[in-house]
Amino acid sequence: MRINKLHKIEAACSKDDSRPTLTQPFIQNGRAIATDGKILASVPIQTAEGEEVEDKRIPIDALKAARKATLKMYPDATLTLGEKSCTLPNGASYPVLHPEYDGSRLPKVAEIVSAKLTKEDAAFSVTLDLALLERLSEAIGCEKVTLCFKDAKSIITVLPYDANGAFGLIMPMRTE
């Protein structure tokens, strides 16, 4: 299995050990998926012909090591997912927590994923520079914000979730 090194999918995994099914990315429908119950990340993977990876988990340590071990000139990290272990091209092996071994099932996310919109299906879409949103959030003294949209080309109003009286504005970006 190959996954683009830019995709740090483990960032969407749960840190809560009492929810073991959400603490590692997993493969469903030819994609690597990670969720903590609040957010879900789904990224494409590439598999070799005949390689069986469906419904397998990807150890986070293996993902990190694969990215680190891959030369900078290559965009993809390579991992081999087995029934009980994940192996890197350099021979390093990591245990795979598989549903049949730990008594838990993988989340079935097909229904949720099918609800995603494309830019063409959306009433409107907005491109945000996350670094700007993070700076603005810090400037207005909050970690959670509400984004208010009039339309895709208007200024975006950013309100603190805790309604502390502050607000911010993000100017629209041209993406076309």
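Things to note:
- Each of residue 138 and residue 64 was given a label point 7 Å from its Cα along the Cα-to-Cβ line. The distance between the two points is 2.3 nm.
- Ranking 30, 106, 60 by Cα position along the charge dipole of the stretch 2-113, where only Lys, Arg, Asp and Glu carry charges on their C-beta atoms, puts 60 farthest toward the positive end.
- Only DSSP H runs of four or more residues enter the estimate; each adds -39500 (n - 2.57), and after division by the residues of the chain the mean residue ellipticity at 222 nm equals -4000 deg cm²/dmol.
- Net charge over other residues, Cβ less than 9 angstrom from the Cβ of residue 27 (K, R count +1; D, E count -1): +1
- Normalised by the number of residues in the stretch 117-176, the mean separation of alpha-carbon contacts (under 8 Å, six or more apart) gives a relative contact order of 28 percent.
- Calculated translational diffusion coefficient of the chain (10 °C, 1.306 mPa s; Stokes-Einstein with Kirkwood radius over alpha-carbon pairs) equals 85 µm²/s.
- Dipole magnitude of the chain about its Cα centre (Cβ charges: Lys, Arg +1; Asp, Glu -1), debye to nearest 20: 400
- The chain: relative contact order as a whole-number percent, Cα under 8 Å and 6+ apart: 14
- Cross-link partners of residue 72 among lysines, defined as those whose alpha carbon lies under 24 angstrom from its own and excluding same-chain residues fewer than eight positions apart: 5, 8, 64.
- Summed residue charge, Cβ within 11 Å of residue 162's Cβ, Lys/Arg positive, Asp/Glu negative: 0
- Dimensionless Rg ratio for the stretch 117-176, taking C-alpha atoms and the 2.2 N^0.38 Å reference: 1.18
- Cα-only Debye scattering, the stretch 1-77: base-10 log of I(q)/I(0) at q = 0.18, 0.26 Å⁻¹: -0.70, -1.28
- Chain lengthening between residue 128 and residue 150 when straightened (0.36 nm per residue, less Cα-Cα): 6.4 nm
Values quoted throughout were computed directly from the atomic coordinates according to the rules given, and no laboratory measurement underlies them. Keep in mind that this is a model prediction, so the values were computed, not measured. Here the Cβ is made from the backbone with ideal geometry for all residues, glycine too, and neighbour counts use every protein chain on show.
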